[in-house]
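Contents: one structure, followed by commentary.
The values are calculated or read from the model by the stated rules, or taken from the named source; none is laboratory data. The structure presented is a predicted model; accordingly, all values stated were derived computationally and were not measured. Cβ coordinates were reconstructed from backbone atoms using ideal geometry, including for glycine residues, and neighbour counts include every protein chain displayed.
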Amino acid sequence: MAKVKGDIVVDIERCKGCEVCIAACPVNAIEMSKKVNSKGYHYMEKVNDNCTGCTNCAIVCPDGVITVYRVKI
Amino acid sequence: MEENITKENIRKKENIVYKKTNLMTDKVLSYCPGCGHGTTHRIIMEVVDEMGIQSETLGIAPVGCSVLAYEFMNIDMQEAAHGRAPAMATAMKRLMPEKYIFSYQGDGDLAAIGTAETIHACNRGENITIIFVNNGIYGMTGGQMAPTTLPGMKSSTSPYGRDIVTMGNPLKITELIAQLPGTYFVTRQAVHTPANVRKTKKAIRKAFENQKLKKGLSFVEVVSNCSSGWKMTPVQANKWMVENMFPFYPLGDIKVDRELVK
Amino acid sequence: MRELKLMKGNEAISEAAIRVGCDGYFGYPITPQSEILEYLMVEKPEEISGMIVLQAESELASINMVYAGAACGKRVMTSSSSPGISLMQEGISYMAGAELPSLIVNVVRGGPGLGTIQPSQSDYFQATKGGGHGDYHIIVLAPSSVQEMADFVGLGFDLAFKYRNPAMILSDGAIGQMMEKVEFDEHQPRFTEEEIRKNTPWATVGKTPDRERNIITSLDLDPARQEIHNIKLQAKYRKIEENEVRFEKIACDDAEYIFVAYGTSSRICQKAIQLAREKGIKVGLFRPITLYPFPVKEIKELSKKVKGILSVEMSAGQMIEDIRLAAEGNIKIEHFGKMGGIIHSPAEVVEVLEQKIIGG
C-alpha cells in the first residue's frame, strides 16, 4: 500500500476549543494547545507526525477551521 | 525518500484533501463551541457545492439558534417566522419547482409552534428537504424545555427535570411524519463523530437527489448537542447525547423510498 | 377590450387575480370569502397562466406562504375574513419589516371574536393602524363595488411592488357576496425569472456568480441598523401618503354637510343624499378609496367649507378618529355606527344627520 503522509493547518483564531476533534483522530496526532487564541480559547494543534491526512478532524469540526493535506510517498 | 518530505512540500494546494467550502461564508459562526449546528450547516453547503446547485438552491432559516443561518450559508435565503418554514418551503417549491428548496429548523421551531406546518407539508408530500436539528432544548432563548426534551431532563423551564405528568412526553415528530404517505425519505442522523458526519452527509445528499427526481418530501433529523443549554462541555454533551438522547431518538433510516424501514 | 361579466365580488377578485398575472394564491376557508378559493380551484389557473392555488392548513401557513412567494419576487396573495386576518397579523408585520410586496384580501365580518358572518367595517383600525407589532403601515384599498373588487387586485399588486410593501383590499361580506356587472381586462402574463431578476434584484431566486447572495429577513439584532431601517420605512410611508391618496366625491360642490363613508356604507349614503336633498338638506359624500394613505388634506379642506361631517361606519366608530384628526377641530364631527353585521338604512342616516349634526 503506497504510504501516505498527512498534514493539517488550523485557523487557530477561529478554533473555539471544543475538543470534539481530539477523539476523532485515529492516530492521536492532535492535542489542545497550552496557548490560547485572541478569544481566549485553547486551540487544537498537531503534536507529532502521525497524521495520515484522513480528514476525520476536519469533517467533525463544527467551525470548519481545519484544512487537510495528504501526499503519497 | 521519506526524509525529504517537509511541511512545506506537503502543504501545497494540490495536496489539499479537505478545506472549508466557499459555500460557507467567512463569517465566524455564532454557535457555541462544539455545537452541531455548525457541522450541519457545513455538510449542507458541501452537498450543494458538490451538486453544483448553488444558483438554484434556496434555504429557509428558522427562529432559534440557527436564525442567523443565512449569515453563514452562501446561497439566497429567507428567514422564517417561528415555525412557519415548511409552509414557506411549500410555496417556494410550488412557485419554482425547478429550484432546490430546504428548510433548516430546530426542535422548538419544527415540533412545537410549527407542528401543523411540519405535518401538513409532509402530508402534502411537498418535494422539499427539511433539515431538523434536535438538541432537546430551546438554545437561543437560554435553554428552555423543548418538545423533544427528555423525561427528567433539566432546563430553565423544567428546573427539576421534565415531569411528564405536567409537562407532557417528548414528541417523536420524526416517527410521526414517517407515517404520512407524503414522506419519501425519513432518517435520523448525528454529527458528533466523523463516521456520523459522513452518514449525515450521505443522507442530505440523498435528500437533495430525491428532490431532483421529484420523489416527495425528504426529512433529515440531526440529533445534536447543546453544551450551554445542557450545561456541559461539548465533549461531555456529546457523551450525554449518546447515552441519553440516542436511546430515545435512535439513529438510522426510518423510511426509504417511501417504505418504512423495519 | 374589457370583457363584461355578472359576478360575485369574491369571484371577481379571483378572476382578476388570474388575469393580472398573479403567480400564486394561498388561502383557507372562512365565511364570507370562501368563494375566492373555490373559484380559483374551479378555474384551474395553472392551466391558464401557470398560477398556482393552494389551500393551506391555516391562515398562519397561508400568510407565510405569501411571505415566501413575495420574497421570490412573485405576485402572490391570500384572502380571509376578520378572524383569519387576525391570525395573519404576525406574517403581515414580517412582510412590512422585510419590505415584501403582497396582496391580502380581508372580506370583513362582524366581530369581535368569532362574531358573525354578516358584513362589517370593524377591522379599520387593524388594517390602517397596523394590526401586528412594530411601526408599520400597509396600503389599504376599500372597494365599494364588484368592479372595484376586480380593479383593486391589479392596483394592489402595482402599489405593493412600487413600494415593496404589503397591500390590503379591505372589503366586507356584502360586497363579497353581492353580484354586479364587472368588466375585466385581458390576461397579462406572469413575471418570467429574467424579469424578476431584473425588476426585483433583491428577490431570492438563486445566487448567481454575478452577485452576492440575497437575504430576505426582518431581523436585525443591531439596534443602530434597525433604527436606520425603521427610518427608511417611515420615509416610505411618507411617500405613500404624499402620492397614493385616492378618494371619490359625490355631490360635494354645494354641500353644507358631508357624509364620510367607504365600502358598503358609502353606497347607503348615496341613497341618503337623495332622501336628504329631497328635504332640502344639502349633503354630499366623501368616499375614501385608500384608507391608508388616508385623505387627510382633502378632509381638512372640506372641513373648512362645510358645517358638519357625519362618519357613517359599520362599526363603533374607527375612521371617525382619522376624520377628526384631519379636520383639526374646525367643525362638528359625529359618528353613526351599526354593529354586529347590521347595515344602516338610508332613512336612519338622514335622521341621525339631522339629530346629531344639523340639530345638535
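So here's what we get for this one:
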item: Entirely in the range C:199-312, the strands (runs of 3 or more DSSP E) that have 3 or more residues that are free of Cβ contacts under 8 Å to residues at least 60 places away in the same chain; result: C:247-250, C:283-288
item: Single residue of the range A:53-73 satisfying the filter (assigned to a loop (DSSP other than H, G, I, E, B) and at pLDDT 95 or above) that is nearest to B:Lys7 (Cα to Cα); result: A:Gly53
item: Failed item, numbered, when C:Trp202 is tested on (1) away from chain B (no Cβ under 14 Å); (2) over 24 Å from the mean Cα position of the chain (by Cα); (3) modelled with pLDDT of 95 or more; result: (1)
item: Strands (runs of 3 or more DSSP E) contained entirely in the range B:1-105, each with at least 2 residues that are free of Cβ contacts under 8 Å to residues at least 60 places away in the same chain and more than 7 Å from every other protein chain (Cβ to nearest Cβ); result: B:57-61
item: Filter result for the condition that a residue is within 14 Å of chain B (Cβ to nearest Cβ), crowded, with 24+ Cβ neighbours inside 10 Å and within 14 Å of C:Asn165 (Cβ to Cβ), over C:Ala61, C:Ala98, C:Ala127, C:Ala70; result: C:Ala70
item: Residue in the range A:15-73 that is farthest from the other protein chains (Cβ to nearest Cβ), counting only those that are more than 23 Å from B:Val222 (Cβ to Cβ) and of a type in the set (Gly, Ala, Ser); result: A:Ser33
item: Qualifying residue in the range B:65-87 (condition: modelled with pLDDT of 95 or more, buried (at least 20 other Cβ atoms within 10 Å of the Cβ) and of a type in the set (Val, Ile, Thr)); result: yes
item: Among (1) farther than 29 Å from C:Leu4 by Cα; (2) surrounded by 15 or more Cβ atoms within 10 Å (Cβ to Cβ) - the single one C:Lys198 does not satisfy; result: (2)
item: Qualifying residue in the range C:313-324 (condition: among the charged types (D, E, K, R), at pLDDT 95 or above, touching a His at 6+ places or on another chain (Cβ under 9 Å) and part of a strand (DSSP E or B)); result: yes
item: Test: B:Lys202 is without any contact (Cβ under 8 Å) to a residue 12 or more places away in the chain and charged (D, E, K, R); result: yes
item: Entirely in the range A:1-52, the strands (runs of 3 or more DSSP E) that have 1 or more residues that are closer than 22 Å to B:Lys13 by Cβ and touching a strand residue (DSSP E or B) at 6+ places or on another chain (Cβ under 8 Å); result: A:4-10, A:42-46
item: Checklist (1) away from chain B (no Cβ under 14 Å); (2) touching a residue at least 12 places away in the same chain (Cβ under 8 Å); (3) under 20 Å from the mean Cα position of the chain (by Cα) applied to C:Leu87, failing item; result: (1)
item: Tally of residues being crowded, with 22+ Cβ neighbours inside 10 Å and either under 24 Å from C:Gln126 (Cβ atoms) or in the same structural domain as C:Ala167 (by TED's automatic domain parsing) (or both) across the range C:294-317; result: 9
item: Tally of residues being under 21 Å from C:Gln118 (Cβ atoms), of a type in the set (A, V, I, L, M) and surrounded by 17 or more Cβ atoms within 10 Å (Cβ to Cβ) across the range C:344-360; result: 2
item: B:Val191 within 14 Å of another protein chain (Cβ to nearest Cβ) and under 17 Å from B:Gly36 (Cβ atoms); result: yes
item: Search result, residues across the range C:20-39 that are closer than 20 Å to C:Val108 by Cα, within 14 Å of chain B (Cβ to nearest Cβ) and not in a loop (DSSP other than H, G, I, E, B); result: C:Tyr25, C:Phe26, C:Gly27
item: Conditions (1) in contact with a Lys or Arg (Cβ under 8 Å, 6 or more places away or on another chain); (2) part of a loop (DSSP other than H, G, I, E, B); number of the one not met by B:Gln189; result: (2)
